[in-house]
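The values are calculated or read from the model by the stated rules, or taken from the named source; none is laboratory data. A quick note: this is a predicted structure, and the numbers were derived from the prediction, not measured. Every residue, glycine among them, receives a Cβ derived from its backbone with ideal geometry; neighbour counts consider all protein chains shown.
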Amino acid sequence: MTKADPETGVEMWTKEFLHTLMEIYAYSAIPKEIGLQMVNDIERFIQLVSPYPVVNHYFKGGEVVQLREYEYEVLFTPGHSDGLISFYNKEKIVLISTDQILPKITPNISYWFHGDTNHKSFKILSSVIR
């Protein structure tokens, strides 16, 4: 992971933020029942990841790491979370990704309602809306 993910987790995975998140869901016209279910899911998730693990190394885009006998370049590929990365081996043309490539849904580009609104996905959406 990159440093962005644990920083976001500490800020967003709190009981205090759940109230704010419910307000954001209402603003986004998410039906109250579905919003409550989503908030309850996050509240259960907080319990699963607490206490937070100690991270000894944060990856950076462009960094090269050895995975078994191959070298992989770390690609900074934010999407579902701000700090997502992928690993690419140019020699074997192998990409190890997280949830940027999903068979039935698209990655969530702004679940926490923050981040870069100039993201390519927002630009595509804007062009379709026009």
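Remarks
- Residue list for region 29-49, restricted to those being surrounded by 10 or more Cβ atoms within 10 Å (Cβ to Cβ) and over 18 Å from the mean Cα position of the chain (by Cα): 30, 31, 32, 34, 35, 36, 37, 40
- Residue that is surrounded by the fewest Cβ atoms within 10 Å (Cβ to Cβ) [pool: residues in region 1-20 that are within 30 Å of residue 75 (Cα to Cα) and either touching a Cys at 6+ places or on another chain (Cβ under 8 Å) or among the hydroxyl-bearing types (Ser, Thr, Tyr) (or both)]: 14
- Of all residues in region 76-88, none are modelled with pLDDT under 90, outside the structural domain of residue 23 (by TED's automatic domain parsing), exposed (fewer than 14 other Cβ atoms within 10 Å of the Cβ) and part of a loop (DSSP other than H, G, I, E, B).
- Total residues in region 16-70, condition at positive phi and aromatic (Phe, Trp, Tyr): 0
- Of the residues screened, residue 23 is not one that is surrounded by fewer than 16 Cβ atoms within 10 Å (Cβ to Cβ), modelled with pLDDT of 90 or more and in a helix (DSSP H, G or I).
- Every residue from region 11-28 that is under 18 Å from the mean Cα position of the chain (by Cα) and of a type in the set (Asp, Glu): 11
- Pairing each residue of region 38-56 that is closer than 17 Å to residue 7 by Cα with any residue that is assigned to a loop (DSSP other than H, G, I, E, B), provided the two are 6+ apart or on different chains, yields C-beta distances under 6 Å for 46/13.
- Set 30, 34, 46, 42: member being of a type in the set (A, V, I, L, M) and in contact with a Phe, Trp or Tyr (Cβ under 7 Å, 6 or more places away or on another chain): 46
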